[in-house]
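Student: Please see the structure below; I have some questions.
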Amino acid sequence: FQGNVRLLVSCVLRECRQEITQARLKPQCVNCLSNLGFAGLQSCANETQAQHEITFGLLLLSKHPLYNATAKEFPLPSPSVYSRGYIQAEMKTTNGGGLWQVACTHLYPRVNGATYSGVYASALSENQNNTWVVVNAVGNSPRAVIMGDMNHSPAVAATNVQPLFKSNYDYFVSSDYCSPYARRSDAECTFCKSNPLNVVTNSSENTIVDHVFMRVDGTCPSSKATTARRIFTENTVSYKNQTLPLSDHYGIEVSVTVARAPQTQGKSGSVHFTFSSFLCVLSFSLTLFI
């Protein structure tokens, strides 16, 4: 493997899956190995040093109170070394906006230049299952937002954005959600081949995989009620004589104006919210601000 951790992990997942799952390696061990690679093998073997608890790498932040927050794994048909999942919570607004169901997630990606080693028929199938689970978990709440790196994209001809797992993107749309940024005719990529951090992944396509999907009062809010933009596109991080962006993904920020909730004490009018989704490359954590 000549020190290539990616090749080692790919081989282990492909050839040694049964041994790993039967051995029931501790999450700390799996996460330690995946993060430290060859250089950390001795450290990972020492259980007193292997304190890296495996997590989804998700974070949900809000200016409004969150209640009944849960973190759940996506169900798998058989054991897997790695797991993905989502955080879900109720957001009780303090400005008359009513009750919202909010969730953040990071769905299964397409595997570039490698053989799919998951427990479904394909990467598309696993992403599809993740999509179904998180949409159905949020349920029929009239005001709902699902944010994150969905790893599926629509096509936007004007900006050369290519589709990716588009049938899964369409499932959100058919469930009365919309991605206000992605539906713009001039929407640009959030995962871009021009991003200098994507040299490592050898990305050859431009896609919009980062979304703020929302449903307001049971339907997709109109374009007049929303504004959406791409954020964190500037190269601001100095590293080894380079200036780089914050992440290999650009963020999305969506603002929406909604009618004041009917139960608000005698008040009418509208209220305003801003939701942002951003994938931080340094910690591989999804950071969401509401």
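Student: Quick one: count up the residues across segment 124-134 that are surrounded by 20 or more Cβ atoms within 10 Å (Cβ to Cβ) and of a type in the set (A, V, I, L, M).
Tutor: 1
Student: Oh, and also: With (1) in contact with a strand residue (DSSP E or B) (Cβ under 8 Å, 6 or more places away or on another chain); (2) modelled with pLDDT under 90 as the list, and ASN241 as the residue in question, which single condition is left unmet?
Tutor: (1)
Student: Evaluate segment 258-278: report whether one residue or more is open to solvent by less than 80 Å² (accessible area, probe 1.4 Å), under 15 Å from ARG184 (Cβ atoms) and modelled with pLDDT of 85 or more.
Tutor: Here is the first cut: in segment 258-278, the ones open to solvent by less than 80 Å² (accessible area, probe 1.4 Å) are 258-261, 264, 269-271, 273-278.
Cutting the leftovers down to under 15 Å from ARG184 (Cβ atoms) gives us none.
Within segment 258-278, none of the residues are open to solvent by less than 80 Å² (accessible area, probe 1.4 Å), under 15 Å from ARG184 (Cβ atoms) and modelled with pLDDT of 85 or more.
Student: Among what's in segment 239-257 and is free of Cβ contacts under 8 Å to residues at least 12 places away in the same chain and on the phi < 0 side of the Ramachandran plot, pick the residue that is surrounded by the fewest Cβ atoms within 10 Å (Cβ to Cβ).
Tutor: So the residue we want is TYR239.
Student: Here's a follow-up. Failed condition for ALA137, given (1) among the hydrophobic types (A, V, I, L, M, F, W, C); (2) more than 17 Å from the chain's Cα centre (by Cα); (3) open to solvent by 10 Å² or more (accessible area, probe 1.4 Å), with all others met?
Tutor: Just one mismatch for ALA137, condition (2).
Student: Condition first: part of a loop (DSSP other than H, G, I, E, B), free of Cβ contacts under 8 Å to residues at least 40 places away in the same chain and open to solvent by 50 Å² or more (accessible area, probe 1.4 Å). Now tell me which residues in segment 89-115 satisfy that.
Tutor: Answer for segment 89-115, where residues must be part of a loop (DSSP other than H, G, I, E, B), free of Cβ contacts under 8 Å to residues at least 40 places away in the same chain and open to solvent by 50 Å² or more (accessible area, probe 1.4 Å): just THR94.
Student: Something else now. Tally the residues that are open to solvent by less than 20 Å² (accessible area, probe 1.4 Å) and part of a strand (DSSP E or B), restricting the search to segment 172-201.
Tutor: The qualifying residues number 1.
Student: Please go through segment 202-238 and pick out each residue that is farther than 30 Å from GLY98 by Cβ and either surrounded by 15 or more Cβ atoms within 10 Å (Cβ to Cβ) or modelled with pLDDT of 85 or more (or both).
Tutor: Answer for segment 202-238, where residues must be farther than 30 Å from GLY98 by Cβ and either surrounded by 15 or more Cβ atoms within 10 Å (Cβ to Cβ) or modelled with pLDDT of 85 or more (or both): SER203, GLU205, ASN206, THR207, THR233, GLU234, ASN235, THR236, VAL237, SER238.
Student: Further, regarding this structure: Of the conditions (1) over 24 Å from GLN101 (Cα atoms); (2) modelled with pLDDT of 90 or more; (3) out of contact with any strand residue (DSSP E or B) (no Cβ under 6 Å at 6 or more places or on another chain), PHE191 fails just one. Which one is it?
Tutor: In the conditions (1) over 24 Å from GLN101 (Cα atoms); (2) modelled with pLDDT of 90 or more; (3) out of contact with any strand residue (DSSP E or B) (no Cβ under 6 Å at 6 or more places or on another chain), PHE191 misses (3) alone.
Student: Additional query: Report the residue count in segment 141-158 for those that are out of contact with any Lys or Arg (no Cβ under 9 Å at 6 or more places or on another chain) and surrounded by fewer than 20 Cβ atoms within 10 Å (Cβ to Cβ). Can you show your working first?
Tutor: Here is the first cut: in segment 141-158, the ones out of contact with any Lys or Arg (no Cβ under 9 Å at 6 or more places or on another chain) are 147-150, 157-158.
Among the residues that remain, those that are also surrounded by fewer than 20 Cβ atoms within 10 Å (Cβ to Cβ) are: 157-158.
Residues in segment 141-158 being out of contact with any Lys or Arg (no Cβ under 9 Å at 6 or more places or on another chain) and surrounded by fewer than 20 Cβ atoms within 10 Å (Cβ to Cβ): 2 in total.
Student: Here is a further query. I'm told ASN168 meets every condition in (1) at pLDDT 90 or above; (2) in contact with a helix residue (DSSP H, G or I) (Cβ under 9 Å, 6 or more places away or on another chain); (3) open to solvent by 10 Å² or more (accessible area, probe 1.4 Å) except one. Can you identify the failing condition by its number?
Tutor: In the conditions (1) at pLDDT 90 or above; (2) in contact with a helix residue (DSSP H, G or I) (Cβ under 9 Å, 6 or more places away or on another chain); (3) open to solvent by 10 Å² or more (accessible area, probe 1.4 Å), ASN168 misses (3) alone.
The values are calculated or read from the model by the stated rules, or taken from the named source; none is laboratory data. Note that this is a predicted model, so its numbers are computed, not measured. For neighbour counting, all protein chains shown are included, and Cβ atoms are generated from backbone atoms with ideal geometry for every residue, glycine included. When the accessible area is computed, the model is the full protein with side chains, heavy atoms only, and any ligands, DNA or RNA have been set aside. Shrake-Rupley method; radii C 1.70, N 1.55, O 1.52, S 1.80 Å.
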